[in-house]
Amino acid sequence: MTLIRRGSLDDRDAVFQLARQFVTETASIDLDGFTVAFNNVIRWRENETNVLHVAENDEGAVIGYTLMSVSRLLHVSGLTAHLQELVVDESARGKGVGSDLVYANELYAMERGVRRLTMSTSRAGEFYRRLGYEVTAEFYKKILPAGG
């Protein structure tokens with residue numbers, strides 16, 4: 001059975017290892033940069049802007065996580081949320097962990113009064129369609145040079 005709970009400072013190392021599986025750019029994830037971002041997510045937990053959920057297996061090992069941002073947009077009434085990251089360890093994929101994490105985010109969002117939850121994906125479209133999500137937009141990115 002999978003336990004889904006809010007992430008804590010104690011989850012940093014496990015989430016870092018999972019985040020390394022998420023990286024899609026040619027550059028690998030940097031521990032120092034990750035630590036700054038992770039600490040900000042945990043420190044600002046009381047603001048509930050960035051919401052970290054983790055999935056634990058029966059042995060208490062973290063086998064997945066999600067990072068969701070909750071915000072107000074100018075063109076939408078009320079709160080919106082965007083699922084920024086969803087990672088399930090390669091050894092635990094296909095066992096419902098990802099679905100459990102998405103459902104936990106949906107429940108959290110509904111409890112906060114969020115009416116629209118979105119996410120972007122380049123590889124997991126069928127997964128999200130199975131959970132009732134529909135394609136509504138295209139997603140573009142541009143890698144900017146460092147130091148501007």
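The values are calculated or read from the model by the stated rules, or taken from the named source; none is laboratory data. Not measured: the values here are computed from a predicted model. Cβ sites come from the backbone with ideal geometry, for glycine too, and all protein chains shown count toward neighbours. These area figures cover heavy atoms from the full protein model, side chains too; ligands, DNA and RNA do not enter into them. Shrake-Rupley method; radii C 1.70, N 1.55, O 1.52, S 1.80 Å.
Electrostatic tally near GLY78: other residues with Cβ closer than 14 Å to its Cβ, Lys and Arg +1, Asp and Glu -1, net +3.
In percent, rounded to a whole number, the relative contact order of the chain is 20, using alpha-carbon pairs under 8 Å and six or more apart. Among LEU52, LEU18, LEU107, which one shows the highest mean-square fluctuation when the chain is modelled as a Gaussian network with alpha-carbon springs under 10 Å? Of the options given, LEU107 has the highest mean-square fluctuation. Sequence-ordered 3J(HN,Hα) estimates for region 5-13 from the Karplus curve with 6.51, -1.76 and 1.60 and θ = phi - 60° stand at 8, 5, x, 9, 4, 5, 8, 3, 5 Hz, glycine and proline given as x. For ASP89, the residues whose modelled amide H falls within less than 5 Å of its own, excluding neighbours fewer than 5 places apart on the same chain, are GLY64.
Placing unit charges on the Cβ atoms only, positive for Lys and Arg and negative for Asp and Glu, gives the chain a dipole magnitude near 580 debye about its Cα centre. Rg then Dmax, both in Å and based on the Cα atoms of the chain: 15.4, 47. Taking ALA19, ALA124, ALA109 as the candidate residues, the one with maximal mean-square fluctuation in a Gaussian network model of the chain, Cα springs under 10 Å, is ALA124. You can think of it this way: the chain between ARG20 and GLU126 has 35.9 nm of extra reach, that is 0.36 nm per residue less the Cα-Cα gap. GNM remark for the chain: springs join alpha carbons under 10 Å apart, and the peak mean-square fluctuation among THR121, THR136, THR35 falls on THR136.
Remark: spin-label model distance LEU74-ASN39 equals 3.4 nm, labels positioned 7 Å along the Cα→Cβ axis.
DSSP beta bridges in the chain, what fraction antiparallel, as a percent rounded to 5?
Beta bridges within the chain, antiparallel portion: roughly 85 percent.
Might you tell me the accessible area per residue for region 3-131, computed with a 1.4 Å probe and given in Å²? The partial results should precede the final answer.
Values: 7610 Å² over 129 residues.
On a per-residue basis, 59 Å².
Using DSSP to define loop residues, name the GluC sites (Glu not before Pro) in region 67-148 whose beta-carbon has at most 12 other beta-carbon atoms within 10 Å. Working shown, then result.
On the way: sites: GLU85, GLU90, GLU106, GLU111, GLU126, GLU134, GLU138; in loops: GLU134, GLU138.
Qualifying residues, ordered by number: GLU134, GLU138.
Round to a whole number: what % of the accessible area of the chain belongs to carbon and sulfur, probe 1.4 Å?
Values: 5130 of 9800 Å².
Heavy-atom surface of the chain belonging to carbon and sulfur, 1.4 Å probe: 52 percent.
With unit charges on the beta carbons (Lys and Arg positive, Asp and Glu negative) and the dipole taken about the Cα centre of region 3-131, which residue among GLY113, THR66, ALA92 sits farthest to the positive side? Farthest towards the positive end: GLY113.
Shown are MET1, MET110, MET68, MET119, whose ranking by accessible area with a 1.4 Å probe and every protein chain present, most to least, is MET1, MET110, MET119, MET68. Across region 79-84, rounded Karplus estimates of 3J(HN,Hα) from the backbone phi angles (6.51 cos²θ - 1.76 cosθ + 1.60, θ = phi - 60°) give 7, 10, 9, 10, 7, 6 Hz, Gly and Pro being marked x.
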